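The values are calculated or read from the model by the stated rules, or taken from the named source; none is laboratory data. Computed from a predicted model, the values in this text were never measured in an experiment. All Cβ positions, glycine included, derive from the backbone under ideal geometry; neighbour counts span all protein chains shown.
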Amino acid sequence: MTLGTSLRTLRQLRGLSLNELATRLSSHVGNLSKIERDLAKPSLDFLYQIAKALDFKLHEIFRLAERDDSPDERQAALDALFLVLLDDDKELLLEFAAMLKERGAKNKESQSNPVEDKAQRITSSRHQSTTDE
């Protein structure tokens, strides 16, 4: 994800329009639009101002921007949403994710393997035929 895309994503998560953010920054909408479309690069000072106006730390913006563009855009969306959660909600989300992981592992274990099932039936029938004799 690019820096501009990250800034747009975080601005939208805060529910701000470009105009509202521009007003907070005493900047022009066109300037912010160019930054979000990666047609212009903000100075470090202006980037600090944007981060403050969006109530994010600069490292959070860079962390989101440094994420690789993976085929699964849901991961980038989760990362962005995670940044805006309250600390208690972050913990809750992590606990929920751990529960989902555990559930997935249990489901994977319980899914039957046709080859293993057939081998089990053959072994069981052989065992039963030897006990019947």
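Listed values, structure above:
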{"item": "Test for Asp79: is it among the charged types (D, E, K, R), in a helix (DSSP H, G or I) and out of contact with any helix residue (DSSP H, G or I) (no Cβ under 7 Å at 6 or more places or on another chain)", "result": "no"}
{"item": "Hits in the stretch 27-46 - residues which are among the aliphatic types (A, V, I, L, M), under 27 Å from the mean Cα position of the chain (by Cα) and not in a loop (DSSP other than H, G, I, E, B)", "result": "Leu32, Ile35, Leu44"}
{"item": "Filter result for Ala98 (part of a helix (DSSP H, G or I) and at pLDDT below 85)", "result": "no"}
